[in-house]
Amino acid sequence: MSMAATGCLMLLTLTITLTASLIFPLVYGADIESDKQALAALKKSLVDPWNVLSDWDVAVNPCTWNFIECENNRVTSVSIGMNNVGGNLVPELGGLSALVDLSIFNNMIEGTIPAELGNLQNLEVLSLSENLLSGEIPPSLGNLRSLVFVHLDQNEFTGKVSSQIGSLPSLKLANFSGNSLCWDFWPTPNFLGNYTLCQAE
C-alpha cells in the first residue's frame, strides 16, 4: 500500500474515531438525562417529611443520589423503603428503560399505579407493598416479561387481577394479599392472597 493510501486510511480511521467519540456521549448522556428527569418528576410528586431525598439534585448525576443504583451510567434500581414517604407515583417512571428494581415499600404512597410502568421491559422486581395505593392494578403490568417478583400486598387495591399478569413467563412470586381483589384466572401457587374468582358480568 502506498504512503498516500496509508495516510488516507489513517485519516479516515481518525475521523471515524473522533466522530464516534463526539456522538456516543451525546446519545449516552441523553439516556441518563432522561432518567434524571423521570426521577425529578417523582421527587416533585412525593411528600418527604424526613427529607431523605435531599440529595436528589438535578445538577448532579442521579447515580450519586440516595436510594439509586446504576449500571453503565443508567438507573437500574430505585429502592425507597420505610422512610415515611408519601405522595404519588408518576407516569414518567415508565421512561426508566434500564430499570431492574422498583421498590418503594412500607411508606405512605397514595393514588394508583401508573399504567406506564408496563413499559419497563427490563424490570425484574416491583415492590410497592404496605402503602396506601388504591384503584385497579393496571393490566399493562402483564407486559413485564422479565418480572420475577411482584409485591403489591397490604394496600387498598380493588377490582381484578388481569390474566395477563398471571401468564408472565418469569414470575416466581406475586403477593397480592391484604387487598380487595378478585381474579379472572386460576392463580398458580406462586400467587399469594385470596383467590376469589371475579363474577362474570
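The values are calculated or read from the model by the stated rules, or taken from the named source; none is laboratory data. Quick caveat: nothing in here was measured; it's all calculated off a predicted structure. Every residue, glycine as well, gets a Cβ built from its backbone with ideal geometry; the counts of neighbours run over all protein chains shown.
On the stretch given as segment 142-200, residues that are out of contact with any Ser or Thr (no Cβ under 8 Å at 6 or more places or on another chain) and of a type in the set (Ser, Thr, Tyr) total 7. The strands (runs of 3 or more DSSP E) falling completely within segment 25-91 that include 1 or more residues that are charged (D, E, K, R) map to 68-71, 74-79.
Look at segment 92-113: where a residue is at negative phi and at pLDDT below 95, no partner that is in a loop (DSSP other than H, G, I, E, B) and buried (at least 22 other Cβ atoms within 10 Å of the Cβ) sits 6+ places away or on another chain with Cβ atoms under 9 Å.
Restricting segment 159-172 to residues that are of a type outside the set (A, V, I, L, M) and under 9 Å from Ile137 (Cβ atoms) leaves a set whose member that is modelled with the lowest pLDDT is Ser162. Just one of the listed residues (Ser146, Ser177, Ser163) is more than 26 Å from Asn84 (Cα to Cα), of a type outside the set (Lys, Arg) and over 19 Å from the mean Cα position of the chain (by Cα), namely Ser163.
Here's a check for you: in segment 71-115, which residue that is over 13 Å from the mean Cα position of the chain (by Cα) and of a type in the set (A, V, I, L, M, F, W, C) is nearest to Glu136 (Cα to Cα)? Reasoning before the result, please.
Within segment 71-115, the subset over 13 Å from the mean Cα position of the chain (by Cα) is 71-73, 81-88, 105-112.
Retained after the next criterion (residues that are of a type in the set (A, V, I, L, M, F, W, C)): 82, 85, 105, 108-109.
Numbers: Met82: 24, Val85: 22, Phe105: 18, Met108: 18, Ile109: 15 Å.
Selected residue: Ile109.
Residue count for segment 35-56, restricted to those that are within 18 Å of Asn73 (Cα to Cα) and either modelled with pLDDT under 95 or among the aromatic types (Phe, Trp, Tyr) (or both): 1. Scanning segment 186-201 for residues that are in contact with a helix residue (DSSP H, G or I) (Cβ under 9 Å, 6 or more places away or on another chain) and at pLDDT below 85 yields Trp186, Pro187, Thr188.
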